[in-house]
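See structure below.
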Amino acid sequence: MIKKYFLSSCVALALAFVVSCDNTTEDPPNQNNNNNNNTSGGTTPTITGPRILSKIKSGNIDLEEYITNAGILSQAYIRDAGSSNTITATTTYSGGKITQIKYQDNANPHVIDNMYTLTYTSGKLSSFTMDHTALGVISNHSDFTVFYDANGQLYRIIEKKKLAGSASYTHYIESKFTFSANNVAKVDHSTMLMDGANPDLSTAVTVSYAYENYDTKINPYTTLPKEYFMVTSTLFQANFYMLSSNNVGKITVQNPAGPPIPIPKNYLYDSQNYPTSDQSQTIKYIYKAL
């Protein structure tokens, strides 16, 4: 049910892109427009230094909005493109790191009411827990473990879930990552039942996400905390490309049955190598200076 709630927002955003290619505009459709006159007769300055992603817009809808102060993310909003559905994520910090993220939708009663608590080892996210209350009565709990390879690259995220107040784990979920340089190339997302203390491999169902045709420009999501996107992407796995250094040009979803589903993406860029929109200028990336 959680995935269905996210689906219309995230897929609508992905499908707004067409083909990845490397076009730079001198007059991009955001605040890096050197010809924007202000009320005093001057011009809006171009962002040439550090910046942070503020919004992703489709027409007059802010599909994604990030509330920051001095580079610190305090809240994020994910809005559905075709309805009034909104998910609000509120972060809590300790020692400069996100230690809690509260996700809550605007439904009554809530379908998404998730509290994540994050733990770090040697400065890297190593585990997190999730407590979920659905429709005000159903309590679910998950324990996540994050694994890295010998080079410190993200390798696996494992979730053990206790559904409906169960004292024992009922489900085992694994996201296994393949990287190409600093970009996510593939994620195999497997879900299975637990057989006592162990996952029952005979019940496994795997959905694969392939991320291809990366550009060499700056991924706007890298301006925000990586840990936020690591947690958020466990809700909707197609979004794991947000952890990449560059911008993905094509996402292919392979379900257990049926043909692969390709989702092409493309971009226009400013002179600082940041995306400002898709080729049709339907989707726009809005930044603010740090």
In whole percent, how big is the carbon plus sulfur part of the accessible area of segment 57-162, probe 1.4 Å, protein atoms only? 50 percent
Explain nothing, just compute: Karplus ³J(HN,Hα) = 6.51 cos²θ - 1.76 cosθ + 1.60, θ = phi - 60°, for every residue of segment 148-155 in order, whole Hz, x for Gly and Pro. 10, 7, 5, 8, x, 7, 4, 10
Can you list residues whose amide H is under 5 Å from VAL111's amide H, if they're 5+ apart or on another chain and H is modeled 1.01 Å from N? ASP105, LEU135
Shape category assigned to segment 37-130 from the gyration tensor of Cα positions, a/c cut at 1.5: oblate
What are the ³J(HN,Hα) couplings of segment 169-175, residue after residue, when phi is run through the Karplus curve with 6.51, -1.76, 1.60 and θ = phi - 60°? Round to Hz, x for glycine and proline. 5, 10, 9, 10, 10, 10, 10
Given H placed 1.01 Å from N in the peptide plane, which residues other than close sequence neighbours of ARG51 have an amide H under 5 Å from its amide H? LEU290
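Under 9 Å from the Cβ of MET194, count the other residues' Cβ atoms, weight Lys and Arg +1, Asp and Glu -1, and hand me the total.
Surrounding charge for MET194 is 0.
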Amide H neighbours of VAL184 under 5 Å, counting only residues 5+ apart in sequence or on other chains, H built in-plane at 1.01 Å? SER244, SER245
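With the Cα gyration tensor of segment 222-290 giving a ≥ b ≥ c as the square roots of its eigenvalues, does the rule (a/c under 1.5 for rounded; else a/b larger than b/c for prolate; else oblate) give rounded, prolate or oblate?
Taking the square roots of the gyration eigenvalues as a ≥ b ≥ c, segment 222-290 is oblate.
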First check a/c for segment 176-238, with a ≥ b ≥ c the square roots of the eigenvalues of its C-alpha gyration tensor; if it is under 1.5, answer rounded, and if not, answer prolate when a/b is larger than b/c or oblate otherwise. prolate
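The values are calculated or read from the model by the stated rules, or taken from the named source; none is laboratory data. Every value quoted in this text rests on a predicted model; they were computed, and no experiment measured them. Please note: Cβ atoms are built from the backbone with ideal geometry, for glycine as well, and neighbour counts cover all protein chains shown. What goes into the accessible areas is simple: the full protein's heavy atoms, side chains included, and nothing from ligands, DNA or RNA. Shrake-Rupley method; radii C 1.70, N 1.55, O 1.52, S 1.80 Å.
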